[in-house]
Amino acid sequence: MNSFSTWLTAVMLLIFSTMVGIATQYPADARFMPFVVGIPGIALCLLQLGLDAARAYDGHFMSYFRTAPKAGKPAELI
């Protein structure tokens, strides 16, 4: 979990959180665009950090999910 992409995601989360925090002090009409960009950005950064954390623990959490079979190949039953 110490890879470059994880650190980049954490930096982006900090930037989006700061942007939304500052935008709360703007007038109602001026804060709309920072909220439209910042709130989904925060959600996606948190999702990515969660996936990175799940992958860091040897994929134990991810083993509960199986990928769908590809088109044209029969599914293997386990």
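The values are calculated or read from the model by the stated rules, or taken from the named source; none is laboratory data. Quick caveat: nothing in here was measured; it's all calculated off a predicted structure. For neighbour counting, all protein chains shown are included, and Cβ atoms are generated from backbone atoms with ideal geometry for every residue, glycine included.
Data table
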| read-out | value |
| --- | --- |
| Only one of Pro27, Pro40 that is free of Cβ contacts under 8 Å to residues at least 12 places away in the same chain and not in a helix (DSSP H, G or I) | Pro27 |
| Test result for Gly41, at pLDDT 95 or above, surrounded by 13 or more Cβ atoms within 10 Å (Cβ to Cβ) and out of contact with any Lys or Arg (no Cβ under 8 Å at 6 or more places or on another chain) | yes |
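Let's see how each residue does on (1) modelled with pLDDT under 95; (2) touching a strand residue (DSSP E or B) at 6+ places or on another chain (Cβ under 7 Å); (3) surrounded by 10 or more Cβ atoms within 10 Å (Cβ to Cβ):
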position	(1), (2), (3)
Asn2	yes, no, no
Gly21	no, no, yes
Met33	yes, no, yes
Leu51	yes, no, yes
Arg55	yes, no, yes
Phe65	yes, no, no
